[in-house]
Amino acid sequence: MKDEDLDITEVARRSGVPASTLRYYEEKGLIASTGRRGLRRLFAPGVLERLALIGLGQVAGFSLDEIAQMFAPDGRLRLQRERLTAKAEELDQTIQRLVAMRDGLRHAAACSAPSHMECPRFRSIVRLAGAGRLEPPPRGASGRRRSGPPAEPRRRPAG
C-alpha cells in the first residue's frame, strides 16, 4: 500500500466504473487491489489505464473472459493480432447486416406499395429472416449472453 494508491470510491469516480463493477472485475482477476484502508479496497493509479483498456475491449465486443486473456500474468497487455483481426472481421459482418437492415427499414417506411406484403423488397427481407439469414444484433458487448452479475454496467465516457 502506497500513499498514492486510490481507494475504490476515487477509482469509481475517476473511471466512471461503479464500485460494484470494480469488485466484480477484481473477483474475475481483471484488476487487483493493493490492500485496504479500513474497509475500502485500494488500487494503484495504473488501474485507471487498465479500466480504460477493459472498456475499450468491451466496446470492441470482447467478453470479459477474452479481455482477461489479453493481459499477461505480470499485468502487461499482450494482444494477439489474429484475435484482433478476427474481431474486426466479425464487426465487418455485423456492420453489413445492420446496414442491410437499416436500408430495408428505410425502404419499408417510404415504400409506396399498398401494403408491405405487396412490396417485393420487403417480402425478400421477410424470406431472408425466415431462412435465418438475418440474425438479430448480438446481446451485450460480447455478442453473447453475459454471465456473472445480472448486467455489467456500461462505462461512462471520461470527460
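The values are calculated or read from the model by the stated rules, or taken from the named source; none is laboratory data. These numbers were taken from a predicted model, which means no experiment stands behind them. Heads up, the Cβs are rebuilt from the backbone with ideal geometry, glycines too, and the neighbour counts pull from every protein chain shown.
Structure notes:
- Contact map, segment 98-114: first residue at negative phi, second residue loosely packed, with under 12 Cβ neighbours inside 10 Å, Cβ cut-off under 7 Å, separation 6 or more or different chains; pairs are L98/P137.
- Segment 1-84 holds helices (runs of 4 or more DSSP H) entirely within its bounds, and those carrying 2 or more residues that are under 28 Å from I95 (Cα atoms) map to 47-59, 64-68.
- Exactly one residue out of R50, R41 is touching a Leu at 6+ places or on another chain (Cβ under 8 Å), under 17 Å from F71 (Cα atoms), surrounded by 13 or more Cβ atoms within 10 Å (Cβ to Cβ) and not acidic (D, E), and it is R50.
- The single condition from (1) under 16 Å from the mean Cα position of the chain (by Cα); (2) not assigned by TED's automatic domain parsing to the domain that holds I31 that R50 fails is (2).
- Given (1) in contact (Cβ under 8 Å) with a residue 12 or more places away in the chain; (2) of a type outside the set (A, V, I, L, M, F, W, C); (3) surrounded by fewer than 18 Cβ atoms within 10 Å (Cβ to Cβ), index of the condition T21 fails: (3)
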